[in-house]
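The structure under discussion appears below in the form of structure tokens.
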Amino acid sequence: MALRVGHRGAAGHVTGNTLASIAKGVALGVDFVEVDVRATRDGHPVVFHDRRVDGTTDGSGAVSELTVDEMRRVRTADGQPIPTLEDALACINNRVGLMLDIKSPGIAERVWARVTGSAFVQPVIYASFLHAEMLAIKRLASGAHTMALLDSMPVRPTAFARDAEVTHVGLGLDCVSGEFVGALQRDGLRVFVYTVNEPWDIAWVRSLGVDGIVSDFPERI
């Protein structure tokens with residue numbers, strides 16, 4: 001049975017990557033909450049998707065140009081604060097697993113240190129489109145669960161995963177096929193698909209035998 005992963009918490013119900021969305025995902029019975037992580041100017045991992053805060057919040061500027069204190073003053077369109085990674089870990093409170101989509105280059109060690117230095121004991125999957133970040137995690141802990149994210153079909157279907165030394169692969173819905181999923185799984189990889197919201201798409205990817213499904217509406221999985 002495919003694991004249920006709440007995209008940015010439960011972004012179909014509540015503004016994603018907020019504590020309210022994380023709590024909603026947990027309440028809906030997900031196996032994992034997925035959130036995005038970037039680093040502030042002073043090196044603190046915060047839960048935020050976009051490179052800049054303009055447009056989706058009342059703030060302005062790139063996350064990498066703002067301090068963690070400045071990020072704490074930023075509010076989403078519905079008035080919610082931007083969590084730090086520590087805030088997200090505390091909100092989950094060891095009730096479900098955590099998938100961390102690392103958005104900024106060069107922050108894997110800081111993210112790892114925050115997680116391993118906390119009281120969080122549930123499974124953690126470190127994911128990224130930046131496959132060098134996954135190698136960095138593996139250098140810190142060879143047994144870590146790491147996921148290479150893809151949004152298009154690679155020329156060599158499984159070589160990228162071996163190069164990144166990952167245990168998991170996250171495929172965008174548009175590049176999923178039964179043949180691709182099968183090739184990855186035969187190589188010993190666990191395959192997750194994102195972001196799958198429509199019931200017919202959920203039914204289709206489930207029929208392919210994928211290992212996990214990431215959705216804004218995880219209760220549909």
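The values are calculated or read from the model by the stated rules, or taken from the named source; none is laboratory data. Just so we're clear, the structure is a prediction, and the values are computed from it rather than from any experiment. For neighbour counting, all protein chains shown are included, and Cβ atoms are generated from backbone atoms with ideal geometry for every residue, glycine included.
Table for the structure above
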{"item": "The stretch 127-143 - residue that is within 15 Å of the chain's Cα centre (by Cα) and in a helix (DSSP H, G or I) and, of those, farthest from ARG110 (Cα to Cα)", "result": "HIS131"}
{"item": "Contacts under 6 angstrom Cβ, first residue in the stretch 39-51 being β-branched (Val, Ile, Thr), partner loosely packed, with under 15 Cβ neighbours inside 10 Å, 6 or more apart", "result": "THR40/THR67"}
{"item": "Unmet criterion (only one of (1) part of a helix (DSSP H, G or I); (2) on the phi > 0 side of the Ramachandran plot) for GLY209", "result": "(1)"}
{"item": "Members of the stretch 123-140 found to be within 15 Å of LEU100 (Cα to Cα) and charged (D, E, K, R), listed by number", "result": "GLU133, LYS138"}
{"item": "Filter result for the condition that a residue is aliphatic (A, V, I, L, M), within 19 Å of the chain's Cα centre (by Cα) and either at pLDDT below 95 or in a loop (DSSP other than H, G, I, E, B) (or both), over VAL155, VAL166, VAL214, VAL193", "result": "VAL166"}
{"item": "Residue pairs meeting the criteria (Cβ under 8 Å; at least 6 apart or on separate chains; first more than 17 Å from MET153 (Cβ to Cβ), in the stretch 177-201; second in a loop (DSSP other than H, G, I, E, B) and among the hydroxyl-bearing types (Ser, Thr, Tyr))", "result": "ARG190/THR167"}
{"item": "Condition met for LEU171 (free of Cβ contacts under 8 Å to residues at least 60 places away in the same chain and part of a strand (DSSP E or B))", "result": "yes"}
{"item": "Any hit, the stretch 127-139, residues being modelled with pLDDT of 95 or more, within 22 Å of GLY16 (Cβ to Cβ), surrounded by fewer than 22 Cβ atoms within 10 Å (Cβ to Cβ) and in contact with a strand residue (DSSP E or B) (Cβ under 6 Å, 6 or more places away or on another chain)", "result": "yes"}
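Residues are listed down the side, and each one gets a yes or a no for (1) crowded, with 20+ Cβ neighbours inside 10 Å; (2) closer than 19 Å to ASP101 by Cβ:
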site	(1), (2)
THR116	no, yes
VAL121	no, no
SER142	no, no
MET147	yes, yes
THR158	no, no
VAL169	yes, yes
